[in-house]
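These notes concern the structure reproduced below.
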Amino acid sequence: MPFPNDTISLWNLDETAGSNYADAFSDNNGTGSGTVTPTTGIVNGAQTFNGGDIDVPADRSFDWYADESFSIEVWMKRDDTIGAIEIAVGRDDDSSD
């Protein structure tokens with residue numbers, strides 16, 4: 001599948017074991033914490049998040065400024081739990097505390 005030339009990172013999340021998640025475009029590999037387990041996806045493998053997350057280390061390629069544009073795409077299947085709160089993408093910037 002072709003991707004735009006300026007694609008920075010892609011995590012397929014199709015790993016079948018372990019807590020390391022490879023970035024297909026660069027070295028922005030992620031590490032799982034909490035309960036993240038492999039499962040069957042609609043297209044290849046997937047991960048189930050039950051109170052867990054995948055952390056990606058800070059990298060200059062993620063330093064977007066107010067006048068820049070960017071896109072983030074996430075494919076996610078929720079369970080039907082009423083009142084569940086889910087954050088698909090987040091950024092924690094210690095310098096803005």
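The values are calculated or read from the model by the stated rules, or taken from the named source; none is laboratory data. Given the structure is predicted, the values throughout are model-derived calculations rather than measurements. Because the Cβ atoms are built from the backbone with ideal geometry, glycine has one as well, and the counts that use them run over all protein chains shown.
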Looking at (1) of a type outside the set (F, W, Y); (2) surrounded by 14 or more Cβ atoms within 10 Å (Cβ to Cβ); (3) farther than 20 Å from S71 by Cα, which one does T16 not meet, given that it meets all the others?
(2)
Selected residue (criterion: farthest from T16 (Cα to Cα)) from residues of region 47-82 that are of a type in the set (A, V, I, L, M) and in a loop (DSSP other than H, G, I, E, B):
A66
Of all residues in region 19-29 being touching a strand residue (DSSP E or B) at 6+ places or on another chain (Cβ under 9 Å) and not polar (S, T, N, Q), which is surrounded by the most Cβ atoms within 10 Å (Cβ to Cβ)?
Y21
Based on this model, can you work out whether D67 counts as within 27 Å of N5 (Cβ to Cβ), surrounded by 10 or more Cβ atoms within 10 Å (Cβ to Cβ), modelled with pLDDT of 75 or more and not hydrophobic (A, V, I, L, M, F, W, C)?
no
How about region 51-64: which of its residues are exposed (fewer than 10 other Cβ atoms within 10 Å of the Cβ) and either at pLDDT 80 or above or at positive phi (or both)?
G51, R60
Answer with yes or no whether T7 is in contact with a Phe, Trp or Tyr (Cβ under 6 Å, 6 or more places away or on another chain), surrounded by fewer than 13 Cβ atoms within 10 Å (Cβ to Cβ) and among the polar types (S, T, N, Q).
yes
